[in-house]
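K.L.:
Please see the structure below; I have some questions.
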Amino acid sequence: MNRSEFEKFIFERYGVTADHPWTKYRDNSVFRHEDSKKWFALTMNISRSLLGLDGEGNIDVVNLKCDFYLLCSLIEDEGFYPAYHMNKNNWITVLLDGSVGREKLCNLLELSYKLTSK
């Protein structure tokens, strides 16, 4: 699943459109609960080097809130990294380059949505 497919899925599933709170980083998209305004997903286009990846250029990622114990097992798998620029005990960074299956990504999104709801 790529970034545009993922963001489309968020809209279809939760009826939420992206918020762009940083004028300097217009490519970063925050997805929030309508009632509490809490974030449940943050999509970004970041330098590969920020995740310790080989190669030049940028890559699309999403930060999702995650259970600590699940997070610890996920970072062992391809496509998962300790959260970039967020609390690494509560958030995980997932590549949006197709390396993580759609079902797994959607399940993690649902978990993040539930963990951040009231």
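The values are calculated or read from the model by the stated rules, or taken from the named source; none is laboratory data. Quick caveat: nothing in here was measured; it's all calculated off a predicted structure. Don't worry about glycine lacking a Cβ; one is built from the backbone with ideal geometry, like all the others, and counts go over all protein chains shown. These accessible areas exclude ligands, DNA and RNA; they are computed on the full protein's heavy atoms, side chains included. Shrake-Rupley method; radii C 1.70, N 1.55, O 1.52, S 1.80 Å.
K.L.:
Which residues among region 90-117 fall inside the zone where the amide N is under 15 Å from a point 7 Å beyond the Cα of ASN45, along Cα→Cβ?
P.N.:
Residues 96-97 qualify, since their backbone N sits under 15 Å from the label point.
K.L.:
Still on this structure: Rounded to the nearest 20 Debye, what is the dipole magnitude of region 1-92 about its Cα centre when Lys and Arg each give +1 and Asp and Glu each give -1 at the C-beta?
P.N.:
420
K.L.:
Which lysines have a Cα less than 25 Å from the Cα of LYS88, not counting those fewer than 8 places away in the same chain?
P.N.:
LYS24, LYS37, LYS38, LYS65, LYS104, LYS114, LYS118
K.L.:
Now for a different question. Roughly how many percent of the accessible protein surface of region 12-118 is carbon and sulfur, given a 1.4 Å probe and a whole-percent answer?
P.N.:
47
K.L.:
Mind running the shape call on region 54-118? Use the C-alpha gyration tensor, a ≥ b ≥ c as the square roots of the eigenvalues: rounded below 1.5 for a/c, prolate if a/b tops b/c, oblate otherwise.
P.N.:
Prolate shape, in that a/c is at least 1.5 and a/b is the bigger ratio.
K.L.:
Can you work out the accessible area per residue across the chain, with the rest of the protein chains kept in place, probe 1.4 Å, in square angstrom?
P.N.:
57
K.L.:
Say each of ASP19 and ASN89 gets a label point 7 Å from the Cα, pointing the same way as Cα to Cβ; how far apart are those two points in nm?
P.N.:
For ASP19 paired with ASN89, the spin-label model returns 2.5 nm.
K.L.:
May I have the pair-distance distribution P(r) for the chain, computed from all Cα-Cα distances with 10 Å bins from 0 and rounded to whole percent?
P.N.:
Computed distribution, short to long bins: 14, 50, 32, 4, 0.
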